[in-house]
Amino acid sequence: MASGIIGKKIGMTQVFTDEGNLVPVTVVQAGPCTVVQAKTPARDHYSAVQLGFGAQKAQRVSKAMRGHVAKSSKGPFRVLREFPLGDEGALEVGQDIRVGDIFQAGDMVDVTGISKGKGTAGVMKRHHFSGFPGSHGTHEYFRHGGSIGNRSFPGRVFKGKRMSGRMGNERVTVASLQVVEVRADQDLILIRGAVPGARGGTIVIRKQAGAKAKPGAAGAE
């Protein structure tokens, strides 16, 4: 079986566990996804599966992409992602993958999404700089970043220097989140806490490598 699934972030809510604890959760519509391509060790030197999620109009994709998804007898798809395959065996092209086939309550997952874009931001908002003193001679230089280099050496600004610029709108992965409940009949998965991105954004949920389900992690009521 594939090690992950593609979904769409619906929003956040809160549910009660079987123990009566109130838990904040993010609701994700996970799947159903379609197997578009299966990669095998004999041909591709590794085992993986490419999944498609979300319908897309045919005129909005290239002719090559339409040919690529033709074997699945479905599509085109809005999102394509590749996931490693486990030891359970290969999947067939055109097969549907549902969230209940991969995840269950108590699983630990890594969630990847595109964070919310905040536009151009300064160093205090973007990198949590403390700024300059509000008194003692500081003049019109309260929220600046300060020195960014030296003189003849190094004679340039080092790459990766924390400066002002675009904030957000980048690929973010949050690790070690717990699955609270899986509603297979509705293709929904409830994940404890917040996940990256805005409502309606594409989310990729992967099994955490080497993680074990927490005992007693019961589903919500």
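The values are calculated or read from the model by the stated rules, or taken from the named source; none is laboratory data. Everything numeric here is computed off the predicted structure, so don't read it as measured data. Every residue, glycine among them, receives a Cβ derived from its backbone with ideal geometry; neighbour counts consider all protein chains shown.
Laid out as a table, the results:
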| item | result |
| --- | --- |
| So residue 110, is it at positive phi and acidic (Asp, Glu) | no |
| Unique residue being modelled with pLDDT of 90 or more, closer than 22 Å to residue 207 by Cβ and either assigned by TED's automatic domain parsing to the domain that holds residue 40 or among the small types (Gly, Ala, Ser) (or both) when the list is 160, 113 | 113 |
| Residues located in the range 35-55, provided they are assigned to a strand (DSSP E or B) and either surrounded by fewer than 21 Cβ atoms within 10 Å (Cβ to Cβ) or modelled with pLDDT of 95 or more (or both) | 37, 38, 39, 48, 54, 55 |
| Test result for residue 208, modelled with pLDDT under 90, within 29 Å of residue 50 (Cβ to Cβ) and of a type outside the set (D, E, K, R) | yes |
| The range 105-148, subset in contact (Cβ under 8 Å) with a residue 24 or more places away in the chain and of a type in the set (Asp, Glu), residue farthest from residue 18 (Cα to Cα) | 110 |
| Test: residue in the range 212-221 that is at pLDDT 90 or above, within 30 Å of residue 3 (Cβ to Cβ) and charged (D, E, K, R) | no |
| The range 1-34: number of residues that are more than 21 Å from residue 93 (Cβ to Cβ) and not in a strand (DSSP E or B) | 5 |
| Within the range 1-32, considering residues that are among the small types (Gly, Ala, Ser), closer than 16 Å to residue 186 by Cα and in contact with a Lys or Arg (Cβ under 6 Å, 6 or more places away or on another chain), the one modelled with the highest pLDDT | 11 |
